[in-house]
Structures are given as C-alpha cells and as structure tokens.
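Everything below concerns the one structure shown next.
The values are calculated or read from the model by the stated rules, or taken from the named source; none is laboratory data. What you see is a predicted model; the values in this text were computed from it and never measured. Please note: Cβ atoms are built from the backbone with ideal geometry, for glycine as well, and neighbour counts cover all protein chains shown.
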Amino acid sequence: MSRPAQSHHAPGQDDRILYRGKKIDLALRPVTLSDGTTAEREVVLHRGAVALLPLLDGGARVCLIRNRRYAINKTLLEVPAGTIDPGEPPDACALRELREETGYIAGRLSLLTEWWVSPGLFTERMYLFRCDDLRPGPHARELDEQIEPVEVPWEQAVAMALDGRIEDAKSMLAILYWDRMRRESGA
C-alpha cells in the first residue's frame, strides 16, 4: 500500500480554526443550507488512524490490548490502534503501532477495509489491517499509554464483541468484520 493517507486533517479553504491540538483541530466550517442561507458547523479535523487485527496461530488467536482511556476513566479491551503521523502512510503507521502497543513485528500486513469514524463531526478515516506472521519484539509504548497486550482465542474475541465485554466501536467492527470475511471465505 505505502501511500500517504488522504489528508482529512487539513482545514477546508473557508474553515475558521478555533483550536489547534496535538491530534485534532477544531474548526467552524461554513455550509450552505437547503434554503440557500449559510451556517457554520463544528468539525473536528483528524489525520486518520489505523486499527489492527494481530492474528496468531493461523488466526486461532488475536492479540488485543487492555487500554486505559482517560476520556471515560475506564480501561477497555480493544484491538491495537493509533493515529497516523503527518505524511505517514497508513501501512507504516500500522507496523509502528503494532510494535509500540504489542511488541509484535508483522511479516505480512493486509488492508481489509476503511471507514469514516464519525462523519457527522470528525474527518477521521480509519484503516483496518490484518497482521500475520508475527514475531515477538520489544514494545515501545508512549509515556501516557497504559497498555497491556492480551492474547485471546478468536471465538472468545467474537463472543466478547457480541456480548458487551468489548465496548469500543472500532474493536467490535474490526472483529465482527473479519469474522464475517473469514467465514465467507472458508478460512
């Protein structure tokens, strides 16, 4: 793949930037309403992100992470993920985030799908990668991350996505999407 992510973080020509942050900017974007008048809408500008399915034992297990989420003051079970750096291709971000959060190095990386995270407010595009042929290596977590890798049997991960033990939307989508794809392909 090795192409830069589309720059959804860049402001539109007429955006009025209210806040510039490390990972997001907040803008007011002018829009034309159906009656021809103009209004402003709040838009969160985001560079995009990756979500990862690190598969072990030919897909019999998946490496998830316990991740402390400060916004909700709770630790969640999630697929590894991370924000794309400026100018970074999504696949390079996927390899970096896999190593940082799990310690694994992927021998093979496959883009499964991509989606808009919350298009009513965010410009964030998420890229879902399947990670295979994993080799253990050192993790490189950021100082503010409280992450613990957890290896889970695949069928248990699917059950957790369905019964509410996995509460994170990207993780639920990633697990259920891949489960459907692998069942349809007979893998």
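Computed values, structure above
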item: Filter pass, residue 42 being more than 21 Å from residue 147 (Cα to Cα) and in contact (Cβ under 8 Å) with a residue 24 or more places away in the chain; result: yes
item: Given (1) surrounded by fewer than 18 Cβ atoms within 10 Å (Cβ to Cβ); (2) under 20 Å from residue 58 (Cβ atoms), index of the condition residue 118 fails; result: (2)
item: Qualifying residue in segment 80-87 (condition: outside any loop (DSSP other than H, G, I, E, B), modelled with pLDDT under 95 and closer than 19 Å to residue 152 by Cα); result: no
item: Breaking point among (1) at pLDDT 95 or above; (2) surrounded by fewer than 21 Cβ atoms within 10 Å (Cβ to Cβ), for residue 68; result: (1)
item: Pair list, Cβ under 7 Å, 6 or more apart: segment 164-187 residue in contact (Cβ under 8 Å) with a residue 24 or more places away in the chain, other residue acidic (Asp, Glu); result: 168/78; 171/78
item: The listed residue being surrounded by 17 or more Cβ atoms within 10 Å (Cβ to Cβ), under 25 Å from residue 136 (Cβ atoms) and in contact with a strand residue (DSSP E or B) (Cβ under 8 Å, 6 or more places away or on another chain), out of 45, 55; result: 55
item: Every residue from segment 11-39 that is of a type in the set (Lys, Arg) and under 25 Å from residue 82 (Cβ atoms); result: 20, 22, 23
item: Tally, over segment 100-144, of residues that are farther than 25 Å from residue 27 by Cβ, touching a His at 6+ places or on another chain (Cβ under 7 Å), outside any loop (DSSP other than H, G, I, E, B) and not acidic (Asp, Glu); result: 1
item: Filter result (of a type in the set (Val, Ile, Thr) and touching a helix residue (DSSP H, G or I) at 6+ places or on another chain (Cβ under 6 Å)) within segment 11-54; result: 50
